[in-house]
1. Quick one: if you take sqrt(5λ) for each eigenvalue of the C-alpha gyration tensor of region 7-460, what semi-axes come out, biggest first, whole angstrom?
2. Which length gain, in nm to one decimal place, applies between residue 409 and residue 234 when the Cα-Cα distance is subtracted from 0.36 nm times their residue separation?
3. Among 85, 329, which comes first, then next, by fewest other beta-carbon atoms within 10 Å?
4. Does anyone have the angle between helix 330-348 and the longest principal axis of the chain? Alpha-carbon axes, 0 to 90°, nearest 10?
5. By how many nm would the segment from residue 343 to residue 196 grow when fully extended, if each residue of separation counts as 0.36 nm and the alpha-carbon distance is taken off?
6. Given the DSSP H assignment, sum -39500 (n - 2.57) over each helix run of at least 4 residues in the chain and divide by its residue total; what's the result at 222 nm in deg cm²/dmol, nearest 500?
7. Rounded to two decimals, what is the ratio between the C-alpha radius of gyration of region 108-207 and 2.2 N^0.38 Å?
8. What angle do you read, to the nearest 10 degrees and between 0 and 90, between the alpha-carbon axis of helix 161-172 and the longest principal axis of the chain?
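Computed from the coordinates by the stated procedures, all read-outs in this text should not be read as laboratory data. Please read all numbers here as calculations on a predicted model, not as lab measurements. No Cβ is skipped: glycine too gets one built from the backbone with ideal geometry, and neighbour counts run over all protein chains shown.
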């Protein structure tokens, strides 16, 4: 076999690999961490009605808890992305898990809303940092033709955290005054999968190459090749044995300003818009729907049951994205899903009785979750390796800044204009991201990460760099 000729050649070796045991372990470990991160992130929605009764909280206090949590997620997105590009993917991810588990533990013992605010801030800080890095880690290891599908399976498994939180809330919260503490503490189990990441997942070879650590990258790639039944090259370019041989003077210094310089500026603007609008609609629906249903006259048991049923549809939505995400242009599929979400949200806002709420709510949840893998993959693959985590993380974090004010806005719209107006607003906002991506974003489907990061038009055709056998059935 031929030797190695730099970062692109080493990256192409990862793209040419058949899927093997390494990839399956990678998805399982990352998905398990994401599962309990999603339990943590979504838990408050299913205990909020009970906390409001026990502590006598107003809607504005609940909005403050949600808003401060979003600020924690903002800090996690920025800090996690920066540290992952500066210090390494693996180390940053493991430290982030420790932080969010600490926040989950604090949620179990809080005694008032102000303590809960501090605990939720800490949990969201760590959880968001971990989630940002997990997206990048997965796409940097897997073959190009399976990149979207493996990310989608990770999301599908992780999305099980939503019904776990919901059904635990339904079965526990109404029957024990301390039940909400159990629900908020479920995120602690994420540490089990963090241990598996520590055991199974090495540092990203692409990140090592961007730092000039070619020898370490070569060693890791060879190990992955063997685990996939592929014999590594017999000859290796001399540069692969010299740590730092590909390093430039500034390779260790990641700057935020790089996101605002061409060609990253346009990509960052597109991805940030997608995150801000998509997460606004998604988070508002998941967080506020149980409370709004309760305020509209449904009793607590019916509200929690309906919420649990809606949450159960989430993993199904992610599974439905599996055959789509690597087949068609991700941008256009995202826009099509946005149109379907908008129509369904409008209909959801017009109904009140349990059966229509259940049917339409499940459909909204399913469609929202189907769109999540598209957003996660696209937001990371458009950036070059040295700022991939930073670009994706800061764009994600910007959505949290907007979501700091979003709970107050949603509460104000509900109080002033009513139930239907809230979902009409979410329908309009949910359409923006896909539209911007189609008009201004580069096409990435089917491209290697190196090619996707340099594509500068919206009409770049997919390459045949990755053989069809790498595509999951």
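1. Equivalent-ellipsoid dimensions as semi-axes: 38, 23, 19 Å.
2. 56.9 nm
3. 329, 85
4. So the helix axis and the longest Cα principal axis differ by about 0 degrees.
5. Value of the extension gain: 48.8 nm.
6. Here the helix-only value at 222 nm equals -25000 deg cm²/dmol.
7. 1.33
8. For 161-172 against the chain, the angle is about 30 degrees.
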